1. Val78 is checked against (1) under 30 Å from Arg132 (Cα atoms); (2) modelled with pLDDT of 80 or more; (3) surrounded by 18 or more Cβ atoms within 10 Å (Cβ to Cβ); (4) touching a helix residue (DSSP H, G or I) at 6+ places or on another chain (Cβ under 6 Å) and fails just one. What number does that condition carry?
2. Output yes when any residue across region 175-190 is at pLDDT 80 or above, over 21 Å from the mean Cα position of the chain (by Cα) and among the β-branched types (Val, Ile, Thr), and no when none is.
3. Do we find a residue being more than 25 Å from Ile236 (Cβ to Cβ) and in contact (Cβ under 8 Å) with a residue 40 or more places away in the chain anywhere in region 315-337?
4. Where residues in region 317-349 are loosely packed, with under 12 Cβ neighbours inside 10 Å and polar (S, T, N, Q), which of them is farthest from Glu244 (Cα to Cα)?
5. Within region 62-75, how many residues turn out to be open to solvent by 20 Å² or more (accessible area, probe 1.4 Å) and at pLDDT 65 or above?
6. May I ask you to list pairs of residues, at least six apart or on different chains, whose Cβ atoms are under 7 Å apart, with the first in region 241-269 being farther than 20 Å from Thr126 by Cα and in a helix (DSSP H, G or I) and the second being of a type in the set (Ser, Thr, Tyr) and open to solvent by 40 Å² or more (accessible area, probe 1.4 Å)?
7. Answer yes or no as to whether Tyr296 is in a helix (DSSP H, G or I), open to solvent by 90 Å² or more (accessible area, probe 1.4 Å) and either touching a helix residue (DSSP H, G or I) at 6+ places or on another chain (Cβ under 9 Å) or farther than 19 Å from Ser230 by Cα (or both).
Amino acid sequence: MATLELRNLYEKYVKWVSGNPSALGDVEMTVKWLSYFIAGKINKSSAVSELVYSLSNLLVFFNDRIIERANLGAVAAVAGTDSSQLAKYIKTALTTLEYCEVFIELSAKKVWGARGRWFFIVVVQTIKCIGRLILTLCCRGNKIVKNPPIPALDRRNLAESLPEANGAETAAAAAGTFHDHNQTVLLKRSGRVMRKVDGAPPVVARSWKPLRHEVTAVYPAQYEGRFIRSAELMYILKPIVHLECVRRYGMDSWKSYLVALAIDVASLRLYYKKREDLSRDQKQELSRRCVSMLLYLMRSPFYDRYSKQKIAGLLTAIGNNVPLVGTVSNLILSYIPHWQETYFYMWSS
């Protein structure tokens with residue numbers, strides 16, 4: 001009886017999520033902001049706020065999957081398809097771990113101390129490394145793994161694409177120009193979708209126009225040259241190499257810092273040599289990695305010796321000279337040491 005009630009409750013929740021994505025987004029954002037407000041307020045423990053933040057991310061991830069299943073056709077047209085079930089399972093596991101890893105570290109430190117924290121850091125990063133290696137080496141179309149591997153669903157574009165996709169398919173079917181994916185072939189290097197000879201409609205029914213944009217979106221261009229594999233392997237193995245350097249030289253050593261920086265720079269340089277051959281999604285991930293290089297300004301020992309005083313001076317000057325900003329700048333100053341210790345580490349970017 002209880003199982004049946006839970007199932008009915010779950011079905012009602014799925015129906016509500018599928019039909020109210022806007023209201024759902026407001027609820028998710030409220031839960032996420034709640035984690036910021038309670039940070040350090042409950043027993044002076046950051047683990048509680050990180051738990052709320054992790055649960056909010058998992059809630060968004062879970063709701064995205066519900067919306068994705070409810071609008072499977074439109075999601076396929078907007079986001080493309082995975083190469084295999086194995087890739088889907090690995091991406092789901094890695095995304096879940098990505099959202100929970102900081103909470104796992106903080107909880108391990110609180111329960112088992114520094115040794116427990118470092119043990120779980122090594123375990124988590126090893127699992128992530130193995131999963132990314134499998135995606136890169138064994139699963140076609142995943143040569144550049146995003147962070148997180150399954151990004152948040154763009155619900156606004158999805159809602160806009162639903163009537164357009166349905167209308168386009170109906171019109172194409174009526175005109176006899178709808179293109180079945182079994183009647184097309186994807187060129188590996190350029191990503192261009194070509195119609196097979198036996199898939200062409202009769203001459204009188206041909207429009208002589210390129211294949212629809214939606215078909216191209218289902219087959220995103222994925223350049224898979226050797227340079228991508230080398231650059232991605234460097235990026236994937238960087239956390240393990242950095243952890244070994246930390247074990248050997250210490251957390252605040254310039255050697256650990258420079259080794260991680262050198263690996264990131266070398267990986268990005270390899271990518272940018274062939275940037276014109278990358279797909280749009282690959283270029284977006286490459287841009288995100290370039291922006292994440294700014295985190296090195298917040299990492300020890302560079303932060304302790306150079307950035308710390310300059311950032312504190314800048315925030316203090318803003319708080320003293322800009323009206324109504326002093327409270328916010330002082331709050332940021334009080335949180336920066338915690339953020340620097342918890343989030344701005346080498347193995348997470």
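1. Tallying (1) under 30 Å from Arg132 (Cα atoms); (2) modelled with pLDDT of 80 or more; (3) surrounded by 18 or more Cβ atoms within 10 Å (Cβ to Cβ); (4) touching a helix residue (DSSP H, G or I) at 6+ places or on another chain (Cβ under 6 Å), Val78 fails exactly one: (2).
2. Looking for residues that are at pLDDT 80 or above, over 21 Å from the mean Cα position of the chain (by Cα) and among the β-branched types (Val, Ile, Thr), one finds none in region 175-190, hence no.
3. Checked region 315-337: at least one residue is more than 25 Å from Ile236 (Cβ to Cβ) and in contact (Cβ under 8 Å) with a residue 40 or more places away in the chain.
4. Top of the filtered list is Asn321.
5. 7
6. Lys255/Tyr249
7. It is false that Tyr296 is in a helix (DSSP H, G or I), open to solvent by 90 Å² or more (accessible area, probe 1.4 Å) and either touching a helix residue (DSSP H, G or I) at 6+ places or on another chain (Cβ under 9 Å) or farther than 19 Å from Ser230 by Cα (or both).
The values are calculated or read from the model by the stated rules, or taken from the named source; none is laboratory data. Here the structure is a predicted model, which is why all the values come from computation and not from measurement. Don't worry about glycine lacking a Cβ; one is built from the backbone with ideal geometry, like all the others, and counts go over all protein chains shown. Please note that ligands, DNA and RNA were not included when accessible areas were found on the heavy atoms of the full protein model with its side chains. Shrake-Rupley method; radii C 1.70, N 1.55, O 1.52, S 1.80 Å.
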